[in-house]
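Following: one structure in structure tokens, then a few remarks.
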Amino acid sequence: MSSHADLATYNFAYLDEQTKRMIRRAILKAIAIPGYQVPFASREMPMPYGWGTGGVQVTASIIGADDVLKVIDQGADDTTNAVSIRAFFQKVADIAVTTKTDEATIIQTRHRIPETRLKSNQVLVYQVPIPEPLRFLEPRETETRKMHALEEYGLMHVKLYEDIARNGHIATTYSYPVKVQGRYVMSPSPTPKFDNPKMHMSDALQLFGAGREKRIYAVPPHTEVVSLDFEDHPFEVQKFDRPCALCGAEHVYLDEVILDDKGGRMFVCSDTDHCEDRRADGHVGELLAKPQEAAE
Amino acid sequence: MTDSPLLKVNDLSKFYGTRHGCRNVAFELWPGEVLAIVGESGSGKTTLLNCLSTRLTPTTGSVEYQMRDGSFRDLYHMSEAERRFLMRTDWGFVHQNPADGLRMTVSAGANVGERLMAVGNRHYGNIRATATDWLTRVEIGVDRIDDQPRAFSGGMRQRLQIARNLVTGPRLVFMDEPTGGLDVSVQARLLDLVRGLVSDLGLSAIIVTHDLAVARLLSHRMLVMKDGHVIEQGLTDRVLDDPHEPYTQLLVSSILQV
């Protein structure tokens, strides 16, 4: 119960207890059948669809008074979506929030998995816009459900075939389909395929909530997550030809930032917390190494 | 020909409420045989074809199919997974409208390759080589392999649909008016192609058509349907040259002679 006297009294974490109970049951079922999309009675949330209503409902159902919440959007803690969801839970659940990956017990994310390896006491909650990996090739829900039930996944490779036929390589860079524990093909939400290997045998529990599509699915800890590919076109992640301009990190996912209208640009860590940590530890990228040039 | 039929149909009926789509149909189809089902619109041809190909569940009767291991299985006592597997490996279904049988938004190569990928082929180079080979066999230029079927003419789409169905080496192909909507010269080429493929591959086929010329060209045997009943069946030449039933006589005499 909220202690703020001037605020309309919300139940802890906004949702009523019966709704949380219903969502927790869906989550338990999802964990029991890794990769399977469990339908649930998604509620209206005080934010538009597409802003993370699914993820927020999952977080609201699992969060406790002792939890520490971190919210990231495209890897960053300071974007509108991340800031407003964090503020939402501070208001309706009065819980501690953080931007440090290490300190968080629940991390709600849109589009990225933190660079820091997650631990077994952490839960990663994904906001999912389109949970059905087969949707763009097969518009009928009745048919896709049947295909999942009968493990008919040839169609998923048709998509990859098209990629190679058109581009000479698998050009899908995000929402790259994976097979979970040798059974269900699953969409990892629009995370870059760079993050797919992090899902494999992760120590942390991974929960996926799709509010508009009313589906919850999960990857339990220590579960096999294999990216689909062809024998002669194996799966590979994006490679960057330079380190982060601010912290000099290699083998991390970088964002391109336009600096001026003369073609100036830099590549920086998409995971802002990871980047800040490294700079605090004394790592310096090329842009910070030459402050006088950058100032001019 | 072997000594047992490929498909055994017993007493098959399909009711739509109190009306019937087809009634008490029984026949056998032998390996390598092409059977035509002819009749006018509304005579139950398509209902019968759909009941045979598990696209529609019949009200009564049974359809038994000889599996590759030689055993007979009743299609409607198989699990749905087995039926669907059968449909995409050992069977083919050629729709009248190619858009129903093709994926219009993926390339011709992927259309042909889909069945291969569905049965677990995971080598892009091999899939593409097989697709190229099949496009050549159905007379589609190899340079069109990455084009979507929506850029194809009606005749090309129909040939692509045939290639897509035959790529897994099925033993039985169902065709619903395969030449419907095509002009006569394209029809002639398509019939020629189908006839060649059927004899090369030793396929069995069940072809639904209202066009007696198609039946004459392609089929060995035919069933004539009227009001849901099979009123006459026999060798194609016998039925067309010496029709016994008054309705069949009417049908045969209705062909325009030019």
Does at least one position in the stretch B:32-39 carry a residue that is acidic (Asp, Glu) and farther than 21 Å from B:MET87 by Cβ? no
Are there any pairs, at least 6 apart or on different chains, whose C-beta atoms fall under 7 Å, with the first in the stretch A:81-105 and on the phi < 0 side of the Ramachandran plot and assigned by TED's automatic domain parsing to the domain that holds A:ASP203 and the second part of a helix (DSSP H, G or I) and of a type in the set (A, V, I, L, M), and if so, which? A:ILE85/A:VAL56
Would you confirm whether or not the stretch B:223-234 contains a residue that is out of contact with any His (no Cβ under 6 Å at 6 or more places or on another chain), open to solvent by less than 30 Å² (accessible area, probe 1.4 Å), in a strand (DSSP E or B) and under 23 Å from B:TRP91 (Cβ atoms)? yes
Enumeration of residues in the stretch A:140-168 that are open to solvent by 40 Å² or more (accessible area, probe 1.4 Å), at the interface with chain B (Cβ under 10 Å from one of its Cβ atoms) and of a type outside the set (Gly, Ala, Ser): A:LYS146, A:LEU150, A:GLU151, A:LYS159, A:ARG166
Checking B:ALA129 against (1) at pLDDT below 95; (2) surrounded by fewer than 18 Cβ atoms within 10 Å (Cβ to Cβ), which test does it fail? (1)
Sole residue being open to solvent by 10 Å² or more (accessible area, probe 1.4 Å), among the small types (Gly, Ala, Ser) and closer than 29 Å to A:ASP255 by Cα, chosen from A:ALA82, A:ALA104, A:ALA96: A:ALA96
Those residues of the stretch A:254-288 which are among the small types (Gly, Ala, Ser) and surrounded by 12 or more Cβ atoms within 10 Å (Cβ to Cβ), in sequence order: A:SER270, A:GLY285
Given (1) more than 8 Å from chain A (Cβ to nearest Cβ); (2) over 29 Å from B:MET67 (Cβ atoms); (3) open to solvent by less than 10 Å² (accessible area, probe 1.4 Å); (4) among the hydrophobic types (A, V, I, L, M, F, W, C), where does B:VAL94 come up short, assuming only one miss? (2)
Is it fair to say A:GLU213 is in contact with a strand residue (DSSP E or B) (Cβ under 6 Å, 6 or more places away or on another chain), surrounded by fewer than 20 Cβ atoms within 10 Å (Cβ to Cβ) and more than 14 Å from chain B (Cβ to nearest Cβ)? no
Based on what the data block shows, is B:ASP100 closer than 22 Å to B:ILE207 by Cβ, modelled with pLDDT under 95 and within 14 Å of chain A (Cβ to nearest Cβ)? yes
With the structure loaded, tell me whether B:ILE145 is open to solvent by less than 60 Å² (accessible area, probe 1.4 Å) and in contact (Cβ under 8 Å) with a residue 24 or more places away in the chain or whether it fails that test. yes
Here are A:PRO129, A:PRO133, A:PRO177: which of them is open to solvent by 10 Å² or more (accessible area, probe 1.4 Å), touching a residue at least 24 places away in the same chain (Cβ under 8 Å), touching a Lys or Arg at 6+ places or on another chain (Cβ under 8 Å) and more than 9 Å from every other protein chain (Cβ to nearest Cβ)? A:PRO129
Hey, any hits in the stretch A:229-249 for a residue that's open to solvent by 70 Å² or more (accessible area, probe 1.4 Å), within 14 Å of chain B (Cβ to nearest Cβ) and part of a loop (DSSP other than H, G, I, E, B)? yes
Taking the condition of being in a helix (DSSP H, G or I), open to solvent by 30 Å² or more (accessible area, probe 1.4 Å) and not hydroxyl-bearing (Ser, Thr, Tyr), how many residues in the stretch B:148-194 meet it? 12
Any chance the stretch B:62-79 includes a residue that's surrounded by fewer than 15 Cβ atoms within 10 Å (Cβ to Cβ), in a helix (DSSP H, G or I) and on the phi < 0 side of the Ramachandran plot? yes
Which pairs have Cβ atoms under 6 Å, sit 6 or more apart or on different chains, and link a residue in the stretch B:104-132 that is facing chain A (nearest Cβ under 7 Å) and free of Cβ contacts under 8 Å to residues at least 24 places away in the same chain to one that is of a type outside the set (A, V, I, L, M) and open to solvent by less than 40 Å² (accessible area, probe 1.4 Å)? B:ALA110/A:TYR161; B:ALA110/A:GLU162; B:MET117/A:GLY154; B:MET117/A:HIS157; B:ARG122/A:PHE230; B:TYR124/A:PHE230; B:ILE127/B:GLY113
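The values are calculated or read from the model by the stated rules, or taken from the named source; none is laboratory data. These figures come from a predicted structure and were not determined experimentally. Cβ coordinates were reconstructed from backbone atoms using ideal geometry, including for glycine residues, and neighbour counts include every protein chain displayed. Just the protein is used for accessible areas: all its heavy atoms, side chains included, with ligands, DNA and RNA removed. Shrake-Rupley method; radii C 1.70, N 1.55, O 1.52, S 1.80 Å.
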